[in-house]
Structures are given as C-alpha cells and as structure tokens.
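Every number here is computed from the coordinates shown, using simple stated rules; none is lab data. Since the structure is predicted, the reported quantities are computational estimates derived from the model, not experimental observations. Every residue, glycine as well, gets a Cβ built from its backbone with ideal geometry; the counts of neighbours run over all protein chains shown.
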C-alpha cells in the first residue's frame, strides 16, 4: 500500500528552502532593469522587485535557521567542517547584504514620498543604476554561498536526512 511521506524535519528542509531566496533575489534586479527601460511601468516594476527582495531576504533567514540545524548532523570530518564553516560565513554575509539592500531599495522607493519630495525620472533612474551596481556585489556573494553549499553536497557528499 502506498504511504505518503512524512514532513521532513527542520534540518532536512534546508536544501529545499535555500533555493527559493536565491531565485527570488536573482530575479528582483531583472524587474528593476525592466523598470529602467519601461518608464511608464517603472513604479510598479520597482514595487514588485521590492516584494521579491523582502521575500528573498526573509527566505535567507529561514534558510539560515534550517542550515543551523542541518550542520549539527553533518559529518565531523575536518574537510566537511571547514566547508560548513565557509558556507555559513558566506551565507551570513549574504543575509546581511540583502537585508541592507532591501532596506536601501525601500528607502529609495518610498523615501522621497515620505519626505514630500519627488525625484525626476532621470534622478530616480540614476539611483536605480547605482543600486544595481551594489546589487551585483550582493548577487556575487549570494552565488558564492550557493556554490559553497553545492560543494558540500556534490563534492563532499553531505546530504539532508530525509527519513
């Protein structure tokens, strides 16, 4: 008789949860870029990008929480522990960078309105381009965190305990 699988433990959710923030945070700048070229839809695209950044940043916190549990079950070999420490360190950097980038983008998007100021499309566009340069650095950190996780799985054979 077919039996439905049980819900995995918190530590086993790390691989599944960690992919969502990566995807959300790598799509968000594409919406900003689209807003730079589609000036009539700029505000809506920028708001959608902010929503993805908020969801992705919150997802990094969930991913870190599941990762903290998963690392307790990782083999205690020197190579694995060094790789886990590196993955955790780069992941923490990504969490800090994207938390900051999300707050910064929200400030760029809503700050002028709160200050009862309006920015010309030219100024808001220049700020968006500058933001995208900062975001590119964050994306590199995020991809490095993903890569170090991939090394744990594909090179060192560390896998979530699903059963």
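For the chain, the longest principal axis of the C-alpha atoms and the axis of helix 78-114 are separated by about 20°. Here the sum of -39500 (n - 2.57) over DSSP H runs of 4 or more residues, divided by the residues of the chain, equals -27500 deg cm²/dmol at 222 nm, to the nearest 500.
For the chain, what is the relative contact order in percent, using Cα pairs closer than 8 Å and at least 6 residues apart in sequence? Result for the chain is 33 percent. Derived value for segment 33-77: Kirkwood hydrodynamic radius 12.9 Å. Basis is the mean of 1/r over every pair of different alpha-carbon atoms. With everything on Cα atoms, drop me the angle between helix 42-73 and the longest principal axis of the chain, reported from 0 to 90° to the nearest 10. Computed tilt is about 20 degrees.
Checking (1) 9.6; (2) 12.0; (3) 10.3 against mean projected area of the Cα convex hull in nm² calculated from these atoms, the matching label is (2). Principal-axis analysis of the Cα atoms of the chain puts helix 14-37 at an angle of about 20° to the longest axis.
Quote the FRET efficiency, to the nearest 0.05, computed for residue 126 versus residue 147 with a Förster distance R0 of 41 Å and r equal to the Cβ-Cβ distance. Intermediate results must be reported in sequence, preceding the final value.
On the way: r = 32 Å, r/R0 = 0.78.
Once rounded, the FRET efficiency stands at 0.80.
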